[in-house]
Ligand code: ADP
């Protein structure tokens, strides 16, 4: 293999640049030419492809977002789009591809491999919701961003004896709410994976108040319901002087944490090695603190078990 390419697709995540940098540097170190594809699969089909040098990825490890930009391109679900993409890659003499993104991006990678174009997946999404890894790129930075905000909110919540509902990202996965919840000492964590009863949340708020606690933090994953709706429902039980904060896209930005920079470097390096070994259709991940490989198609057909879901019960027993 002489030429490989990399693209970022779907939602951006801090640490993607660290992975791109590792791919470019490891590829060049091993004598390969490395190409960057702008705007995900859209750029691939449009031929927005350029060679990357060692310098192009200089000064990027500390930057959030993705220097290759990202895009949603539903047309890539069609065979026609996929074939066009492969045609473009072949025009540049590219023989292997690395895709950094979430499960939608993985589906594109699986389709390309099935069509004979070896593709490796790197899990990049703040939601942490990819099978085959316990941690995705961007998750650690996102939960630290949430903690920064909640620490500030806690100050004002205490001053006014308020209940703050913090709505965090996670449509299908509660990982951000779970980790940021336990990390911020939230009285309640509400996630899509575990049914909740409002009566129990009310009990948790009251238990804190009876102990003289001045503030209450409820960490709510957006996939359960919107923060405003949750506040309305809570009001039916008592007036807890509730305020809602929707953190939104701040969770996606910012300089990557040390962990995400290291993960990006590790994932990028190993993805290149897999292509060099002639492998395709695999994705890299971390399982039990070790680097692990899985079959992309298999991960897409496997229901995800949330790692460390036990944190939910632990929080109940230590944050009352
Ligand atoms: P994420 O990768 O973060 O899950 P998306 O679900 O938006 O984000 O997917 C990113 C891109 O991957 C889509 O815009 C599309 O180009 C491509 N994609 C998604 N689903 C498929 C599919 N079933 N087959 C091929 N490509 C897909």
Checklist entry - Which condition number does residue 305 fail, the rest of (1) surrounded by 18 or more Cβ atoms within 10 Å (Cβ to Cβ); (2) outside the structural domain of residue 111 (by TED's automatic domain parsing); (3) farther than 23 Å from residue 201 by Cβ being met? => result (1)
Checklist entry - Which members of the stretch 275-302 meet the condition of being buried (at least 18 other Cβ atoms within 10 Å of the Cβ) and part of a strand (DSSP E or B)? => result 282, 283, 284, 285, 286, 294
Next on the checklist: Against the definition (within 16 Å of the ligand (Cβ to nearest atom) and either over 23 Å from residue 42 (Cα atoms) or under 17 Å from the mean Cα position of the chain (by Cα) (or both)), how does residue 185 come out, yes or no?
Outcome noted: no
Checklist outcome for this item: By residue number, the members of the stretch 3-44 that are out of contact with any strand residue (DSSP E or B) (no Cβ under 9 Å at 6 or more places or on another chain) and within 14 Å of the ligand (Cβ to nearest atom) are 42
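When residues of the stretch 117-127 are filtered for being more than 9 Å from the ligand (Cβ to nearest atom) and under 15 Å from residue 267 (Cα atoms), how many remain?
Of all residues in the stretch 117-127, those more than 9 Å from the ligand (Cβ to nearest atom) come to 117-123, 126.
If we keep only those that are under 15 Å from residue 267 (Cα atoms) as well, we get 119-123.
Total meeting the criteria: 5.
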Checklist entry - Would a scan of the stretch 108-122 turn up a residue that is under 12 Å from the mean Cα position of the chain (by Cα), assigned by TED's automatic domain parsing to the domain that holds residue 291 and under 21 Å from residue 69 (Cα atoms)? => result yes
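Select, from 254, 264, the only residue that is buried (at least 20 other Cβ atoms within 10 Å of the Cβ) and within 16 Å of the chain's Cα centre (by Cα).
On the way: 254 fails: buried (at least 20 other Cβ atoms within 10 Å of the Cβ).
Answer to the check: 264.
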Checklist entry - Could we say that residue 104 is within 15 Å of residue 8 (Cα to Cα) and near the ligand (Cβ under 10 Å from one of its atoms) here? => result yes
Next on the checklist: Can you list residue pairs whose Cβ atoms sit under 8 Å apart, with the first residue in the stretch 262-286 being under 24 Å from residue 61 (Cα atoms) and assigned by TED's automatic domain parsing to the domain that holds residue 97 and the second being modelled with pLDDT under 95 and not in a strand (DSSP E or B)? Count only pairs 6 or more apart in sequence or on different chains.
Outcome noted: 275/1; 276/1
Checklist entry - Looking at (1) touching a helix residue (DSSP H, G or I) at 6+ places or on another chain (Cβ under 9 Å); (2) without any contact (Cβ under 8 Å) to a residue 24 or more places away in the chain, which is the only condition residue 250 fails? => result (2)
Checklist entry - Out of (1) more than 12 Å from the ligand (Cβ to nearest atom); (2) in contact with a helix residue (DSSP H, G or I) (Cβ under 6 Å, 6 or more places away or on another chain), the odd one out for residue 148 is which? => result (2)
Checklist entry - Would you pick out the residues in the stretch 3-23 that are in contact with a helix residue (DSSP H, G or I) (Cβ under 7 Å, 6 or more places away or on another chain) and in a strand (DSSP E or B)? => result 4, 5, 6, 7, 8
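Can you pull out the helices (runs of 4 or more DSSP H) entirely within the stretch 39-127 that have at least 1 residues that are within 15 Å of residue 280 (Cα to Cα)?
79-91, 103-114
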Checklist entry - Restricting the first residue to the stretch 188-213 and requiring it to be modelled with pLDDT under 90, which pairs with a second residue that is surrounded by fewer than 17 Cβ atoms within 10 Å (Cβ to Cβ) meet a Cβ separation below 6 Å and a spacing of at least six or different chains? => result 207/320
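Residue-wise test of (1) surrounded by fewer than 19 Cβ atoms within 10 Å (Cβ to Cβ); (2) more than 9 Å from the ligand (Cβ to nearest atom).
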| residue | (1), (2) |
| --- | --- |
| 77 | yes, no |
| 80 | yes, yes |
| 83 | yes, yes |
| 87 | yes, yes |
| 91 | yes, yes |
| 94 | no, yes |
| 97 | no, yes |
| 112 | no, no |
| 115 | yes, yes |
Checklist entry - Can we say residue 173 is at pLDDT 95 or above and within 16 Å of the ligand (Cβ to nearest atom)? => result yes
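Run down 289, 297 and say which single residue is over 20 Å from residue 173 (Cβ atoms) and free of Cβ contacts under 8 Å to residues at least 12 places away in the same chain.
Details: 297 fails: free of Cβ contacts under 8 Å to residues at least 12 places away in the same chain.
None of the other options fit; the residue is 289.
The values are calculated or read from the model by the stated rules, or taken from the named source; none is laboratory data. Note that the coordinates shown come from a computational prediction; the quantities given were computed from them, not determined experimentally. Neighbour counts run over all protein chains shown; Cβ positions are idealised from the backbone, glycine included.
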